[in-house]
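Have a look at the structure below before the remarks.
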Number of protein chains: 2
Amino acid sequence: MTATRMTRQRREILDALDTRDFRSAQSWHEHLRSEGSTVGLATVYRALTALADAGEVDSVVSESGETLYRRCEAGEEHHHHLRCRVCGRAVEIDVPSFESYAAAIATEHGYAEISHTIELTGVCPACAARDRG
Amino acid sequence: MTATRMTRQRREILDALDTRDFRSAQSWHEHLRSEGSTVGLATVYRALTALADAGEVDSVVSESGETLYRRCEAGEEHHHHLRCRVCGRAVEIDVPSFESYAAAIATEHGYAEISHTIELTGVCPACAARDRG
DNA sequence: AGCGTGACTGATAATCATTGTCAATAAGGA
DNA sequence: TCCTTATTGACAATGATTATCAGTCACGCT
């Protein structure tokens with residue numbers, strides 16, 4: 001009968017996540033601190049992994065092995081991103097017919113419990129301009 | 001004028017890599033040791049990252065953030081995998097028309113220097129059978 | 001074949017992200 | 001308000017990867 005409690009920290013984290021950028025747990029933590037919050041790093045990690053498990057945030061593993069988080073659109077079941085390698089800004093993209101394609105390939109090879117990852121990364125217009133600046 | 005030198009260690013690593021499985025650097029190191037090699041862990045890491053940079057091995061980042069390596073087919077430019085989450089066994093798959101699709105999406109959003117990742121993971125027939133056994 | 005130089009190696013320390021620990025705190029139902 | 005216990009936060013611990021650095025050896029040159 002133990003529900004999850006809505007604490008000040010969780011509220012803060014949920015609020016902070018209300019953006020369009022992918023950031024690491026550490027980065028979200030810094031961000032929260034800079035806004036005056038006093039949340040601990042471990043708490044941020046715990047909250048983010050819990051939210052990711054619950055499907056409330058998207059998480060991707062970057063090329064360097066860090067896990068990046070971002071709040072995702074409510075109700076969306078499964079989707080993919082075009083993410084900026086520099087600032088983390090991401091847009092959701094549509095990959096038509098990939099689900100069925102993946103399922104077909106999987107059965108063809110006898111693999112079960114299939115899941116897939118599609119990530120496009122690049123440099124967004126703003127960061128490209130900053131580079132040249 | 002400093003070319004890369006072909007040392008005993010590198011030969012051993014190249015030889016060991018001649019399989020179809022994705023394994024972490026640590027796992028390859030263990031494997032080499034169990035075969036009687038005396039290579040150091042750091043050397044395995046260095047060789048694998050160098051080979052990955054040179055495009056001679058495939059590398060993917062697993063869900064847990066580990067980097068996994070596997071020798072890739074000579075001459076293949078870019079490809080994707082259906083990989084077993086349990087044993088690492090992988091088959092190369094073909095994702096028709098994805099390259100051009102990725103490029104289109106990228107320009108549509110103004111992103112530059114696009115790269116993409118597509119990974120299918122599942123449980124291979126052998127591991128599924130072992131689970132049930 | 002013998003030399004010399006600098007790339008390579010391996011043991012180990014250092015780093016970085018993430019998770020575990022545990023006493024103190026505070027949600028939220030009674 | 002009171003009690004139970006989920007949650008927190010400071011810090012230690014872990015696990016993967018990278019940096020250090022003195023010793024080694026590949027290999028072009030003579």
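The other copies place their B:T117 label points at 0.4 nm from this one, listed shortest first, where each point is 7 Å from Cα along Cα→Cβ. By DSSP, the beta bridges lying fully in region B:8-132 are antiparallel in about 75 percent of cases.
Here the chain B residue lying nearest the rotation axis onto A, judged by its C-beta and given with the distance in whole angstrom, is B:G65, 2. Sequence-distant contacts, meaning Cα pairs under 8 Å at least 6 residues apart, place the relative contact order of region B:72-117 at 26 percent. Sort out the exposed loop trypsin sites (Lys or Arg not before Pro) in chain A (DSSP loop, at most 14 other Cβ within 10 Å) and tell me the longest stretch that has none. Answer from the scan: A:21-133. Charge tally for A:R46 (other residues, Cβ to Cβ under 12 Å; Lys, Arg +1; Asp, Glu -1): 0. Per residue, the average separation of C-alpha pairs within less than 8 Å and at least 6 apart gives region A:8-132 a relative contact order of 23 percent. The GluC sites (Glu not before Pro) of region A:1-53 that DSSP puts in a loop, and whose beta carbon has at most 14 other beta carbons within 10 Å, are A:E35.
Please give the Cα centre distance for region B:95-133 versus region A:59-133, rounded to the nearest Å. Spelled out, the Cα-based centre of one part sits 9 Å from the other.
B:H78 label point (Cα plus 7 Å toward Cβ) to equivalent points in the other copies: 2.4 nm, shortest first.
Taken together, the values in this text are just the output of simple stated rules run on the coordinates, not laboratory data. What you see is a predicted model, and the numbers here were worked out from it, not measured in a lab. Glycine gets a Cβ as well: all are built from the backbone with ideal geometry, and neighbour counts include every protein chain shown.
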